[in-house]
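To start, the structure under review is shown below, and the notes come after it.
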Number of protein chains: 2
Amino acid sequence: MNAEIIGIGSELLLGQIANTNAQFISTRLADLGINVFYHTAVGDNSDRLKQVIEIAESRADLLIFTGGLGPTKDDLTKETIAETLNKKLVYNEEAMETIQAYYTKTGAPMSENNRKQALVLEGAEVLRNDNGMAPGMALTENNRTYMLFPGPPKELYPMFTNYAEPYLLSQMKQGDTIVSRVLRFFGIGESRLEADLEDLIDQQTNPTIAPLAGDWEVTLRLTAKSDSKAEAEKLIDETEEKIKKRVGKFLYGYDQTSLAKETFATLEKRNWTISSAESLTGGLFSQQITDLPGASSLFYGGVVCYSNEVKREIGVSNETLEAYGAVSEECAIELARSVRARYNTDVGISFTGVAGPDPSEGKEPGTVFVGVVSPLGEKVISLHLAGNRDAIRKRTAKHGLNTLLNLER
Amino acid sequence: MNAEIIGIGSELLLGQIANTNAQFISTRLADLGINVFYHTAVGDNSDRLKQVIEIAESRADLLIFTGGLGPTKDDLTKETIAETLNKKLVYNEEAMETIQAYYTKTGAPMSENNRKQALVLEGAEVLRNDNGMAPGMALTENNRTYMLFPGPPKELYPMFTNYAEPYLLSQMKQGDTIVSRVLRFFGIGESRLEADLEDLIDQQTNPTIAPLAGDWEVTLRLTAKSDSKAEAEKLIDETEEKIKKRVGKFLYGYDQTSLAKETFATLEKRNWTISSAESLTGGLFSQQITDLPGASSLFYGGVVCYSNEVKREIGVSNETLEAYGAVSEECAIELARSVRARYNTDVGISFTGVAGPDPSEGKEPGTVFVGVVSPLGEKVISLHLAGNRDAIRKRTAKHGLNTLLNLER
């Protein structure tokens, strides 16, 4: 199956939003082993959409449409497809009930426009919308599959995962199984990782190895094709072993995990509580940890010690601030010790440094110290980070998480 | 001029990245008054790219290509366009010098592949790359303009703004001036805003009014066309006045601003310092304020008081925690008072509530209290927010910023 993903909406062409729907669907289709050869975005214009459908039909057998299923007259995706396929639009009972229930609950008056959202393509399988009013649709005609999804990601994503993927699997011919695994690395740059693995990346065809950098991390996606899932997994395991031998110490996790999730799991496993003292990161670290459900069981509290008065108030000595400054190894370790003592946690972590854009205490932006005090001892990491203010702050928080992950090293 | 933006790279089709380049270029072209009718993404495949070029030539007179200008054999954008246009590729001296300088500086050996990056389309104007090696190109042939840009946003964005826009302006026929202004709203939903402005949105053609919702805010983009910039601005001013009469109290800013930036500016104008005590937001508020350069002048410090012990340690009374719980108006105000006193700031702000997924103290997720103590008095906002954990945390932080913006209301 070769797919084209067609995003409909003038907001895409005006740049008001990025086409993240196409990205999401592409990752899902990649996991199903369906090739995506084109993304197209077109405005709320029936004539142009008709031409786009014609072109897509000439080069793809799975056409996925996102957007344009709303109640307003701008929304014309299903109307245009109905015309192209010479199909009627018919009322769908279940969708109508969802819409009616919404208006009953909120007490708002329902307009004729809203009824329009319950219209679906005749003969289509209806994909339920658990988070909004417009239902999705799937229709296979002349060996070509048309799938329609609402534009808002919070409606589209669960609809795709819960209802569209099972539909697609049912349409797919039996054959190769495709398995994909993402290895996540921190602390090594993309070019260095690629250089270390160059021969593997070039020679390896099953699984393939696709590197990608972003958010100051690097990932490798291994994708294997085989008769069975077990065999594909085995091929991936073997390649992963080869990769680990060379760059294993930078590997921190798999697939949809994150440094924060892995750190959280590590702390949980050790049964350790934690507190933080953040200067340049201003709460980025604590925000990432507390973003995870259940954080209250191990994250007790934190201090955002932006000013030197607050650093003193926590417990950094005047001597340290005068002799070494706030941006120093000494300050980092005193902050970590003090916050750990104040909140009586197993681990105390601290962040101090210069985020920029201007130097501070004569130190350049990117000069950063991360202090950790834990039952395993004391540790300070000294960093010299490149990038702008935002990059320096985010990278610092990641280095903090990574330090917690590797306390024994 | 009608444009099509063509993104080239398998990473787009695999969903490894979103096509944010198309979004960025679209906003820039909208400001120049150039219509964008299509976005296309295609993989690193010469045959498919050729067909995409052919289709684009049939429907656009400005073809913008992003990606595929790198050193590897996957990168074939300029080679394919050269073939299509029957042009040679020639070495560009300036680009060659940039590449050579890079290798001299880093001491790494330069490969033949890297020389390839200095090749440009014969007759093209070269767009300098100030942040990387691959130069951009602009070429006008038979009333059609072809522009090529490197894929990495940090190279593309400044190249587009600094070199491509002047080129486009020089190519554009004199005529209408287009001016666009974005009004930003918080505290009102998209449907409510649209309902309140329905007649204006429907009837208004110059300027047009385009609503968009995202990140729990709503924006309206007003776009006016006229002979002069002053006249276009006047048309926008008039429409803005009409909008303000109806929903002005939810308007917080214009164009690229944010709630955090506006709050920062307001605090700065009043010459007020601030400190924060965050429970459910876990540092999200302080992180957003300290994200802005110069934050140290007004943000003194904060406490992330996730556990009740930490709330007590700051100054919440046992009586309050026992009688009302941590998720209460009383706790919110005591937190705000205590953190303000501890850090001796003009303003203290606090956040307490249930982020979910589970209820806490018998209170449902989304039950939130924001407390503010300032020279203007004390204030507690009580919220009942819908959405998942992430949404509740982010919306809470925004409500905090919005409360600070509207202290006098």
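The values are calculated or read from the model by the stated rules, or taken from the named source; none is laboratory data. Computed from a predicted model, the values in this text were never measured in an experiment. When we count neighbours, we look across all protein chains shown, and the Cβ atoms used for this are built from the backbone with ideal geometry, even at glycine. Areas reflect the complete protein model, heavy atoms only, side chains present, ligands, DNA and RNA absent. Shrake-Rupley method; radii C 1.70, N 1.55, O 1.52, S 1.80 Å.
Taking 13 Å as the straight-line reach from the Cα of B:Lys244, the aspartates and glutamates in range (excluding those fewer than 8 positions away in the same chain) are B:Asp196. Computed over Cα pairs, the Kirkwood radius of region B:2-171 leads via Stokes-Einstein (1.567 mPa s, 4 °C) to a diffusion coefficient of 81 µm² per second. Across region B:10-74, the mean sequence separation of Cα contacts (distance under 8 Å, 6 or more residues apart), normalised by length, yields a relative contact order of 29 percent.
Hydrodynamic radius of region B:113-218 by the Kirkwood approach over all distinct alpha-carbon pairs: 17.6 Å.
Our note on the geometry: Cα centres of region B:48-74 and region A:84-131, 39 Å apart.
Quick one: angle between helix B:229-247 and the longest Cα principal axis of chain B, in degrees between 0 and 90, rounded to 10, please. Roughly 30 degrees, rounded to the nearest 10. Ellipsoid fit via the Cα gyration tensor, region B:177-254: semi-axes of 21, 12, 11 Å, each the root of five times an eigenvalue, largest first. Both radii were evaluated on the Cα set of the protein assembly as shown; the Rg over Rh quotient, with Rh as the Kirkwood radius, amounts to 0.96. The dipole here belongs to region A:259-405: it is taken about the Cα centre, uses +1 on the Cβ of Lys and Arg and -1 on the Cβ of Asp and Glu, and is about 480 debye. For a quick check of understanding: with a 1.4 angstrom probe and all protein chains in place, what accessible area in square angstrom does A:Tyr254 have, to the nearest ten? Ignoring ligands and nucleic acids, A:Tyr254 comes out at about 90 Å². At the residue level, B:Arg192 shows approximately 120 square angstrom of accessible surface with a 1.4 angstrom probe and all protein chains present. Residue by residue along A:19-32, Cβ atoms of other protein chains within 10 Å of the local Cβ number 4 on average. Projecting the Cα positions of B:Tyr38, B:Asn19, B:Thr145 onto the charge dipole of chain B (unit charges on Cβ atoms of Lys, Arg, Asp and Glu, taken about the Cα centre) puts B:Asn19 furthest along the positive direction. Burial of accessible area (probe 1.4 Å, heavy atoms of protein chains only) in region B:268-308, relative to its chain alone, reaches at least 50 Å² for B:Gln287, B:Thr290, B:Asp291, B:Tyr300, B:Val304, B:Tyr306. What is the percent carbon and sulfur in the accessible area of region A:2-171, measuring with a 1.4 Å probe over the protein chains and ignoring ligands? Result for region A:2-171: 46 percent of the exposed heavy-atom area is carbon or sulfur.
Counting only the Cα atoms, chain A fills a convex hull of 188 Å³ per residue.
For chain A, the longest principal axis of the alpha carbon atoms and the long axis of helix A:259-270 meet at an angle near 60°. Within the straight-line cut-off of under 26 Å between alpha carbons, the lysines reachable from A:Lys88 are A:Lys50, A:Lys73, A:Lys78, A:Lys116, sequence neighbours fewer than 8 places apart in one chain being disregarded. Shape index of region B:202-349: Rg/Rh, with Rg the Cα radius of gyration and Rh the Kirkwood radius from the inverse mean 1/r over Cα pairs, equals 1.14. Taking the Cα centre of region A:177-254 as reference, the dipole from Cβ charges on Lys and Arg (+1) and Asp and Glu (-1) amounts to some 220 debye. Share of carbon and sulfur in the accessible area of region B:229-288 stands at 48%, probe radius 1.4 Å.
Derived scalar couplings between HN and Hα for region A:332-349 equal 4, 6, 5, 4, 5, 4, 5, 5, 4, 5, 4, 9, 6, 10, 6, 10, x, 10 Hz in order, rounded to whole Hz, by the Karplus curve 6.51 cos²θ - 1.76 cosθ + 1.60 (θ = phi - 60°), x for Gly and Pro.
Listed by chain and number, the lysines placed with their C-alpha closer than 20 angstrom to that of B:Lys245 are B:Lys234; residues fewer than eight positions away on the same chain are left out.
Summary value for chain B: 9 percent relative contact order, contacts being C-alpha pairs under 8 angstrom separated by 6+ residues.
Counting from the shortest, the label point at A:Asn162, 7 Å from Cα toward Cβ, is 4.9 nm from the same position in each remaining copy. In region A:259-405, Cα pairs under 8 Å separated by at least six residues give a relative contact order of 25 percent. Think of a 1.4 Å ball rolled over the protein heavy atoms: region A:177-254 then has 51 Å² of accessible area per residue. Relative to one another, the C-alpha centroids of region A:224-265 and region A:145-215 are positioned 13 Å apart. The C-alpha atoms of chain A define a longest principal axis, and helix A:389-405 lies at about 80 degrees to it. Considering helices alone, the calculated mean residue ellipticity of chain A at 222 nm is -12500 deg cm²/dmol, with DSSP H runs of length four and up weighted by -39500 (n - 2.57) and normalised per residue. The A-B contact accounts for roughly 4900 square angstrom of buried accessible surface, both chains included, probe 1.4 angstrom. Each listed q (0.20 Å⁻¹) maps to a log10 I(q)/I(0) for region A:75-145, found by the Debye formula over equal Cα scatterers with no solvent: -0.82. Kirkwood-type hydrodynamic radius, region A:277-409: 14.5 Å, calculated from all non-identical alpha-carbon pairs. A 1.4 Å probe, protein heavy atoms only, puts the accessible area of B:Trp216 near 100 Å².
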